[in-house]
Protein chains: 4
Amino acid sequence: MIIILKPNATAEQREAFTDALKSYYNVNVNTWEGVQSTVLGLIGDTSPIDIDFVNAQTIVESVRRVQEPYKKANRKFHPDNTVIEFANGVKIGDGSVQYMAGPCSVESQEQILEIAHKVKKAGATILRGGAFKPRTSPYAFQGLKAEGMEFLSAAKKETGLLIVTEITRVSHLPLFKDVDIIQVGARNMQNFELLKEIGKSKKPVLLKRGLASTIEEWLMSAEYIMSEGNDQIMLCERGIRTYESMTRNTMDISAIPIVKRLSHLPVIADPSHATGKSWLVEPMSMASVAAGADGLIIEVHNNPSKALSDGAQSLTPEQFGDVAAKVDSLKAALGRI
Amino acid sequence: MIIILKPNATAEQREAFTDALKSYYNVNVNTWEGVQSTVLGLIGDTSPIDIDFVNAQTIVESVRRVQEPYKKANRKFHPDNTVIEFANGVKIGDGSVQYMAGPCSVESQEQILEIAHKVKKAGATILRGGAFKPRTSPYAFQGLKAEGMEFLSAAKKETGLLIVTEITRVSHLPLFKDVDIIQVGARNMQNFELLKEIGKSKKPVLLKRGLASTIEEWLMSAEYIMSEGNDQIMLCERGIRTYESMTRNTMDISAIPIVKRLSHLPVIADPSHATGKSWLVEPMSMASVAAGADGLIIEVHNNPSKALSDGAQSLTPEQFGDVAAKVDSLKAALGRI
Amino acid sequence: MIIILKPNATAEQREAFTDALKSYYNVNVNTWEGVQSTVLGLIGDTSPIDIDFVNAQTIVESVRRVQEPYKKANRKFHPDNTVIEFANGVKIGDGSVQYMAGPCSVESQEQILEIAHKVKKAGATILRGGAFKPRTSPYAFQGLKAEGMEFLSAAKKETGLLIVTEITRVSHLPLFKDVDIIQVGARNMQNFELLKEIGKSKKPVLLKRGLASTIEEWLMSAEYIMSEGNDQIMLCERGIRTYESMTRNTMDISAIPIVKRLSHLPVIADPSHATGKSWLVEPMSMASVAAGADGLIIEVHNNPSKALSDGAQSLTPEQFGDVAAKVDSLKAALGRI
Amino acid sequence: MIIILKPNATAEQREAFTDALKSYYNVNVNTWEGVQSTVLGLIGDTSPIDIDFVNAQTIVESVRRVQEPYKKANRKFHPDNTVIEFANGVKIGDGSVQYMAGPCSVESQEQILEIAHKVKKAGATILRGGAFKPRTSPYAFQGLKAEGMEFLSAAKKETGLLIVTEITRVSHLPLFKDVDIIQVGARNMQNFELLKEIGKSKKPVLLKRGLASTIEEWLMSAEYIMSEGNDQIMLCERGIRTYESMTRNTMDISAIPIVKRLSHLPVIADPSHATGKSWLVEPMSMASVAAGADGLIIEVHNNPSKALSDGAQSLTPEQFGDVAAKVDSLKAALGRI
């Protein structure tokens, strides 16, 4: 951490501040005196230091981190890719491209079973489907809740697919026993209380990027989960909020190679929510895998125009099959598994 | 709701869709046939209708709400201002300008008592202070928690100030018995599970705007609380995320008159978090009140450069006194109480 | 165009407004009377109608375009891809993927010749290089200007590469005689006076997306050029401004398939300027082509750390060769030329 | 300027880089060697140094400006407010609040005369009106051009009001002889060729903030004009592009006190274009002046619903009179002239 002091800082102020830094945090402080200003260089683990605390000092002109504020999620301290392995042999992060597919909402036992069979046939290894749905309006369909969880379990038993579904509340955790991957939605990416509890659960987590989160904030949310002991995390790019209204969000494809460079965690791409338009799912799936994504999560509905939520972005199982086939040939060209 | 159908929609498709709308929702459907396209006009309460469901229909070209999707928060159905009254006679929303002031974090009993006395003397009627702090980093100071809540209660008892403090988790609600205003922070604005529980509590709520929320989403979050029976809500503008990096957020002053036109709920402005810079608190407080804010929430610390969080944006009690005096003369010129 | 009138609009007001629309513009007006409100449907060419004019009417509740406001750039009226052909046989928009490569700035005759030979060997068909450089600071290097143009011409003559370079001022047009593709930079995307003059020149144009332009505004800028008679336009995605600071801009990969669906014009991707980081050029090049781009424009410098501008995002000729080789195998897998 | 070198930089590399900096630019380089990394501190005028050049060096980890990159616009080197004085005694920047008012477009001699008389009576000292209109669509009304300039001159002669109007092209400059303030529109804020020519003209300039420009870029555009010798510049805040769609732009009120702190130049607020809604003009005018604006520019039309452009945001002369009266009482309370 580099701290630039104001030109008018006195030697006493500087000394008092330097002493405070050393006593609060486990760091050494190097002082470099220039003509115009004095610069302090902090050596040691600066990740617990609050930048706002430093900025608030009257003698501080500005401050800049040299180290990233995340440690457990940082590739520097963990050079090898994290590979998440499931009981049935599926792996995420090992160079393969996994397909997660299914409806936005679980609507009935028949619906989820039908879709599960079809997406499995088309190449999916993981079934997605929402039982607890966080919706902008209190008057919109909020999911089948506990009943939806049971339908998912039945589909898992019948097809052998792994299941991923979203959690919205700490007290629901016991309902997620049968779930293979707990999804934390974009609106809860900074629900730190939820992150901490999930961190205690040891179950793989799909951590969606917040609606308008920076990549660093997203990695810090992964760090929350990891700091409680759970390092089975996949980061999911699902678009960010911008001024452009042609798509629901702007999919930040560059976040895929950036996260893979800064962190050892796998990255999943969600072209369905990122764009909100079914006809963009294919080109954005291709782009995501070409940029290095470890998997795709795609909305598939047996009857998109009757979907109880988010139909506009859902593919039919047949369309999903076409996308999967195209991505398969791309994978081959890229030397991916 | 106006639905424009695709030019190639057949009469059968149109009829089937119209029947579906009537049977799912309590609406009448008017059909206007044009040369290029057919337009459906829905009459009745369209707020429960899911726009995504409509958009997903293969025969739908586009859809547009005429009604706002919020009802209880809507000024159309509740023309008079909501006025929130407290036991000690303080009112919010009655034309007065109330000052909420205090530190970002409660740090000790002495600290909060000293600040409470000083901000009261300077004109504040409500004491703010965080006990549960949602922080981006798991390694940063997370607040004194239950102990901090006790320090706040003691400050309330000793000074007679009302208290406002943030909740981060449903299970903490019992600790908020003595709190006068429950704050929902920006990161939890769409934590719908938390909103629903707070909606059952009947306690006044300060609902901060999300980091990158639209005004409509913010009003929908108020609607969540209101739909559970609690209509004692203040909306708090605290800046939105933009590309500009000179300030922590971009304070959307226009949100103040817009919310007051669309809704009957009071609006509080938070210039400290909106800008992140103490020297901007005065001009942005003035602007907020000139634009119609019902109150200000301002960070005040007895020793900003020793603050454990967010010191860079805190005022000293003396600076807060100056701001309050300037806003007082502005209030007089505006005919505010 | 669908215009929703306010419920309290009188029959006289409606008639006067309808008559005004018919007399100002060449349209017919259908009136659909509902219970709550009246809707006007405009039939005919509504592209010249000013939405603001309509919105300003006291009896208008809201207005919505059904047609896109661009005609010549619109795929609806021109279903086939525009293919731009050059004298040497190079084509853009025919399914091939063309590489434009070269330095941000032309720095000397030797520099541009050396780079030209190397990028040609690596597969580029078009040489890029700036002679007139629009820079944020008046004190930064502004390019070699007319001399730089001569160095480019010499490189063209010696290597047979086509050349693309940026124009910043109408009066410079005569200097562009030898240039094969005139680039309009992001900061000039809405310099309408420049667009109109370029529209008269018939030379192929590379139209960069503005720093924070919508896709529709970008297509409208293409329409400006086309409305003067020049339809040889390539649209260049170069990232948009968002809150994310990890990259210089956020590359909007989804803009590639969107533009190709809405318009018949070819799309070029600029991963160098979009990200500002040389190590992101490869993954973003791959993503762009996987999403359907007709070409790439990539900054290549023989000595990036001595580049007079934008070195941080430049590749060495060797690195460019590696990227081109990877994109070549991707092209093969995609069935591109 | 503080440059942090990579830990693996060799002594030779460091020396070569230090020598290059000294020879290219007129600076001294202080070297501070830390345990983890070496930091270079540059002393002298670093404003001509290209940050991208520095970042591109292979041995550079990161770089940070301590000085602002603008000099002539910088309050540090020019502590007193710039006051712009006109022949008729009107001053901008002296503590007064000036009103600029008039239609978006000049439409006829009668129209501009009628509005001029009415806004003068209501307190305006400067008449605004567009003759050359930069429009997103080539098919929209582009202004009366030279004829409109003549109508403005006639209105000036008849009423004694100063006139402000927009320039879109260098070659139009001779038509601006009679104009008192040349407006550079948001879309041309980084049309550097235009800025340079205007810098040679010595006429007062109203420089609008770009659609999505940072405050620093905006000041750099002022610097362009000043670097050619013209320091009669007013900066005009007109809203920035964000994701919020309730207003046309998000008015960045905080930019007003920020610019006034960083620079000595006056700041004008444009609530009409910033919001796009006439009913927001009053509260945003109040907020702008409360935050320190030196003037307001407001769209006024004698018949907003017949305006040929931007009617939705125009006030009638009577409404403008009401706003001016309210701002007048605010001015009095603030001790402004």
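Some notes on this structure:
- Acute angle (nearest 10 degrees) that the helix A:11-24 long axis makes with the longest principal axis of chain A, alpha-carbon atoms: 40
- Farthest toward positive dipole pole in chain A [+1 Lys/Arg, -1 Asp/Glu at C-beta], among A:Q319, A:Y99, A:F17: A:Q319
- If only the Cβ of Lys and Arg carry +1 and only the Cβ of Asp and Glu carry -1, the dipole of the range B:237-314 around its Cα centre is close to 80 debye.
- Under the convention that each Lys and Arg Cβ holds +1 and each Asp and Glu Cβ holds -1, the size of the dipole of the range D:75-334 around its Cα centre is about 180 debye.
- Dipole-positive endmost among A:N28, A:H78, A:T58 within the range A:19-83 (Cβ charges, Cα centre): A:H78
- Our coupling estimate for the range D:149-164, obtained by passing each phi through the Karplus curve with A = 6.51, B = -1.76, C = 1.60 and θ = phi - 60°, is 4, 5, 4, 5, 4, 4, 5, 4, 4, 6, 10, x, 5, 6, 10, 10 Hz, Gly and Pro reported as x.
- Closest approach to the axis carrying D onto A, counted by Cβ on chain D and given in whole Å with its residue, is D:W32, 1.
- The long axis of helix D:215-227 is offset from the longest Cα principal axis of chain D by roughly 90 degrees.
- Placing +1 on each Lys and Arg Cβ and -1 on each Asp and Glu Cβ, with no other charges, gives the range C:2-64 a dipole about its Cα centre of roughly 100 debye.
- Peptide D:55-64 - average C-beta neighbours from other chains (10 Å radius): 4
- For C:I3, C:I298, the sequence from fewest to most other C-beta atoms within 10 Å is C:I3, C:I298.
- A point 7 Å from Cα along Cα→Cβ stands in for D:N303, and the other copies hold the same point at 5.6, 6.9, 7.0 nm, listed in rising order.
- Just so you know, the Rg over Rh for the range A:34-90 is 1.24, from Cα atoms, with Rh as the Kirkwood radius.
- Across the identical copies, the label point of B:A146 (7 Å from Cα in the Cβ direction) is separated from its matches by 2.9, 8.2, 8.4 nm, in order from shortest.
- DSSP-defined beta bridges in the protein assembly as shown - what % are antiparallel, rounded to 5: 40
- Mean residue ellipticity at 222 nm, helices only, chain D: -10000 deg cm²/dmol; runs of at least 4 DSSP H residues each add -39,500 (n - 2.57), and the sum is divided by the number of residues.
- Relative contact order (%) - the range B:171-212, alpha-carbon pairs under 8 angstrom, separation at least six: 51
- Principal axis dimensions, the range D:2-64 - Cα atoms, whole angstrom, descending: 29, 20, 19
- Our summary gives the range C:135-212 a relative contact order of 24 percent, counting only alpha carbon pairs under 8 angstrom and 6 or more residues apart.
- For the range A:168-274, with +1 on Lys and Arg beta carbons and -1 on Asp and Glu, the positive-most of A:Y243, A:L173, A:A212 along the dipole: A:L173
- Cα pair distances exceeding 26 angstrom across chain B, given as percent: 52
- Exceedance of the 18 Å cut-off in Cα-Cα distance is limited, within the set B:K260/B:K326; A:K208/A:K326; A:K72/A:K202, to B:K260/B:K326; A:K208/A:K326.
- Per-peptide average of other Cβ atoms within 10 Å, ordering D:22-32, C:204-214 highest first: C:204-214, D:22-32
- Mean partner shielding of peptide B:245-252, defined as the number of other chain Cβ atoms within 10 Å of each residue Cβ, is 6.
- Size-normalised alpha-carbon gyration radius of the range D:26-131, reference 2.2 N^0.38 Å: 1.92
- Per-residue shielding of A:170-179, expressed as the average number of other chain Cβ atoms within 10 Å of the residue Cβ, stands at 1.
- Packing rank of D:197-203, A:52-58, where each peptide gets the mean count of other beta carbons within 10 Å, highest leading: A:52-58, D:197-203
- Average Cα contact separation per residue, the range B:52-187, under 8 Å, 6 or more apart, as relative contact order %: 17
- Panel note: the C-alpha atoms of the range D:69-139, placed on their principal axes, show extents of 46, 36, 18 Å (largest first).
- One quarter of the surface of the convex hull around the alpha-carbon atoms of the range C:194-337 equals 9.3 nm², the direction-averaged projected area.
- Across all directions, the average flat footprint of the convex hull enclosing the Cα atoms of the protein assembly as shown is 46.1 nm².
- Take each peptide in D:86-93, A:140-147, count the other Cβ atoms within 10 Å of every residue, and average; sorted highest first, the result is A:140-147, D:86-93.
- When A:A11 is represented by a point 7 angstrom out along its Cα-to-C-beta vector, the spacings to that point in the other copies are 3.1, 9.3, 9.8 nm, nearest first.
A short reminder: the numbers here are calculations on the coordinates, not readings from a lab. Bear in mind the structure is a predicted one, so any value in this text is a computation, not a measurement. Virtual Cβ from ideal backbone geometry, glycine too; neighbours counted across all protein chains shown.
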